[in-house]
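Structure first, commentary second.
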Amino acid sequence: MIFNSHLGLIGAGKWGLNYVKTIQNIDESILKKIACKNLKNKSKLIHKYDVSNDWHDITSSSDIQGVIIATPPKNHFEIAKEAIQNKKSVIIEKPVTLNSKDAKYLKDLALKNKVSVRVNHVYLYHPLYRFLKSYIAQQKKLNSIISIAGNYGPFRNDVSPLWDWAPHDIAMCLDIMGEFPSKISAHFSKQEEKDKKNQFNVSINLCFENNKFAVLNVGNIMQSKKRFLKVNFENKSFIFDPLNFSSIQEVKGSDILPINPTAEYSSFNFFTTPLEILLKEFIKDIKNSSTIISDLILGEKVVQVIELVDEQLINIHSQK
């Protein structure tokens, strides 16, 4: 007998439509309902799916087992809370919430209701990143991580670019380091005019045990889109740059060479998109009635870091 997970999607913007397209190609899943605020220009969805302008129709539906939240971050907590209370597994777009108190509440609620909650820190699901993490586990003397992530935009009135660009890099950094930083500092590396408070690039400095550190450069006034992560060891470095390379790059001295995975790494599904990997693992959670909250635990830590950085930047800005 084929088990089909009945999914509901809340939010049909850019990322929401990515979920729609990806779910269509995954066996054992059926997108049963979609909720979105603005039904204009959604005729294609309306003709094919059960579409509502009320997200409660999904979180309260007895026919839905998994809820995907692809709304603006300010709505994540309220929607996820109701879905989890109704014992539905959830995928939440990053950042999981806009404060760590709410993230902790969702974590405790998921444990209480025994459901899985995955957070779409999408690069953690990227097969090249997963290969990188597995590959560097064999290396010794990790000393630092350097990253660059950003673009020109988006520009939002309600949240700073930290919430758009920092979650992925912080998530990868904490995932690789395996610990929370002992010291966090940040400074603006580039700013627009004072009245444009949500247009800036920032350098985030994280200190860890044994003199390890990370420098994460993120922002929304870069000249082009960037997603670069370099993990440095004593005698070599490894680069994850999915926008420019289809493989992990190993750096030794002045030599940069691609790493070609051997047969033992075939399970990493290098031709599968990160979103498809996320959805397949989520569907497996539902099928096995699993309680997987590792993403949520990490998501809470990511939000804690952003809160501390945001507080420092506000203080810097107010002193000018």
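From (1) surrounded by fewer than 18 Cβ atoms within 10 Å (Cβ to Cβ); (2) of a type outside the set (Ser, Thr, Tyr); (3) closer than 27 Å to ALA70 by Cα, pick out the condition that doesn't hold for GLU93.
(1)
Would you point out which residue out of LYS74, LYS48, LYS81, LYS21 is farther than 15 Å from LEU279 by Cβ, free of Cβ contacts under 8 Å to residues at least 24 places away in the same chain and in the same structural domain as ILE277 (by TED's automatic domain parsing)?
Values: LYS74 fails: free of Cβ contacts under 8 Å to residues at least 24 places away in the same chain; LYS81 fails: free of Cβ contacts under 8 Å to residues at least 24 places away in the same chain; LYS21 fails: farther than 15 Å from LEU279 by Cβ.
After ruling out the rest, the residue left standing is LYS48.
For a quick check of your reading: which strands (runs of 3 or more DSSP E) sit entirely within segment 202-317 and have at least 1 residues that are of a type in the set (D, E, K, R) and free of Cβ contacts under 8 Å to residues at least 24 places away in the same chain?
249-252, 255-258
When you scan segment 240-291, how many residues do you find that are among the aliphatic types (A, V, I, L, M) and within 19 Å of ILE23 (Cβ to Cβ)?
Residues meeting the conditions: 6.
Quick one: would you say PRO242 is crowded, with 18+ Cβ neighbours inside 10 Å, closer than 25 Å to GLN138 by Cβ and at pLDDT 95 or above?
Spelling it out, it is not the case that PRO242 is crowded, with 18+ Cβ neighbours inside 10 Å, closer than 25 Å to GLN138 by Cβ and at pLDDT 95 or above.
Would you pick out the residues in segment 96-123 that are out of contact with any His (no Cβ under 8 Å at 6 or more places or on another chain) and among the hydrophobic types (A, V, I, L, M, F, W, C)?
ALA103, LEU106, LEU109, ALA110, LEU111, VAL115, VAL117, VAL119
Looking at segment 142-169 only, could you name the residues that are of a type in the set (D, E, K, R) and within 13 Å of the chain's Cα centre (by Cα)?
Of all residues in segment 142-169, those of a type in the set (D, E, K, R) come to 156, 158, 164, 169.
Residues satisfying the conditions are ASP164, ASP169.
Within segment 269-320, how many residues are more than 19 Å from the chain's Cα centre (by Cα), of a type outside the set (Ser, Thr, Tyr) and over 30 Å from SER246 (Cβ atoms)?
12
With respect to ASN151, is the statement that it is in contact with a Gly (Cβ under 9 Å, 6 or more places away or on another chain), surrounded by fewer than 20 Cβ atoms within 10 Å (Cβ to Cβ), not in a loop (DSSP other than H, G, I, E, B) and not acidic (Asp, Glu) true? Walk me through it before giving the result.
Values: in contact with a Gly (Cβ under 9 Å, 6 or more places away or on another chain): yes; surrounded by fewer than 20 Cβ atoms within 10 Å (Cβ to Cβ): yes; not in a loop (DSSP other than H, G, I, E, B): yes; not acidic (Asp, Glu): yes.
Answer is yes for this residue.
Could you tell me whether any residue of segment 170-182 is among the hydroxyl-bearing types (Ser, Thr, Tyr), at pLDDT 95 or above and within 17 Å of the chain's Cα centre (by Cα)?
The answer is no, given that none of the residues of segment 170-182 is among the hydroxyl-bearing types (Ser, Thr, Tyr), at pLDDT 95 or above and within 17 Å of the chain's Cα centre (by Cα).
Among the numbered criteria (1) surrounded by fewer than 21 Cβ atoms within 10 Å (Cβ to Cβ); (2) in a helix (DSSP H, G or I); (3) out of contact with any Phe, Trp or Tyr (no Cβ under 7 Å at 6 or more places or on another chain), which one does LEU124 miss?
So LEU124 meets the others, but not (1).
Is at least one residue of segment 183-192 acidic (Asp, Glu) and crowded, with 16+ Cβ neighbours inside 10 Å? Spell out the reasoning first.
Going residue by residue through segment 183-192, those that are acidic (Asp, Glu) are 192.
So of that shortlist, the ones also crowded, with 16+ Cβ neighbours inside 10 Å come out as none.
No, segment 183-192 contains no residue that is acidic (Asp, Glu) and crowded, with 16+ Cβ neighbours inside 10 Å.
The values are calculated or read from the model by the stated rules, or taken from the named source; none is laboratory data. Computed from a prediction, not measured in an experiment: that's the story for all the values here. In this analysis, Cβ positions are derived from the backbone assuming ideal geometry, glycine residues included, and neighbour counts consider all displayed protein chains.
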